[in-house]
Amino acid sequence: MSGRPLIEIIDPCPDEDLAALIEWIESKTGSPSTSKRTKMKVISKAISEGSQSVEYVEILDLPGVYQDQSAKLRIKIKSDSYKFQSYARVEKWDGDKWREVHSIHHGIMSTPTGLHSRPRGEGLANSHFKADRKELLRVAKGIVMPVARSLV
């Protein structure tokens, strides 16, 4: 026996961002020869106003690290005049229908309530939805990205 431990303990990843995590893993293990890195593509994005709500809907094509694996994600964030009717969720297309991957409880959403009542369309700004969108994507990527599950 050479005196080296059978299992090498690797320092924890310094960043929770998935792209940084993948780079960090590749720096420790080497880059997979079949990997193809492409950016997330926005298929559609809309902010619509209802009688007492504003809804943000975005559909993304999330390519996997490997060429043959990708996921279509739909982010839906609703700001209602009543906080308990607001929601933030991300869903994955399974080929037949959208299936929820993750959601944020209305009590801890960052998106403000009552956006529909703001003057001059101020409630329709992307910035209101930014923090919840970022958190939904962070969790969804960790769940649906196949390489993240197999390497971590």
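The values are calculated or read from the model by the stated rules, or taken from the named source; none is laboratory data. Predicted model only: the values in this text are computed from it and were never measured. Because the Cβ atoms are built from the backbone with ideal geometry, glycine has one as well, and the counts that use them run over all protein chains shown.
Would you mention how many residues in the range 97-108 are crowded, with 18+ Cβ neighbours inside 10 Å and outside any strand (DSSP E or B)? Before the answer, list the steps.
Step one: of the range 97-108, the residues crowded, with 18+ Cβ neighbours inside 10 Å are 101-102, 104, 106.
Next, from what is left, pick out any that are outside any strand (DSSP E or B): 106.
Residues flagged as crowded, with 18+ Cβ neighbours inside 10 Å and outside any strand (DSSP E or B) within the range 97-108 amount to 1.
Of the residues screened, GLY142 is one that is closer than 22 Å to ILE43 by Cα and part of a helix (DSSP H, G or I).
Return the pair list, or none, for Cβ contacts closer than 9 Å from residues in the range 43-57 that are touching a residue at least 40 places away in the same chain (Cβ under 8 Å) to residues that are part of a loop (DSSP other than H, G, I, E, B) and among the basic types (Lys, Arg), at least 6 apart or on different chains. That search, which allows pairs on different chains as well, returns VAL54/ARG118. Condition first: modelled with pLDDT under 90, in a helix (DSSP H, G or I) and small (Gly, Ala, Ser). Now tell me which residues in the range 109-139 satisfy that. Passing the criteria: SER117, GLY121, GLY123. Contact map, the range 96-119: first residue within 13 Å of PHE84 (Cα to Cα), second residue loosely packed, with under 14 Cβ neighbours inside 10 Å, Cβ cut-off under 7 Å, separation 6 or more or different chains; pairs are HIS106/LYS83; HIS106/PHE84; THR113/LYS83.
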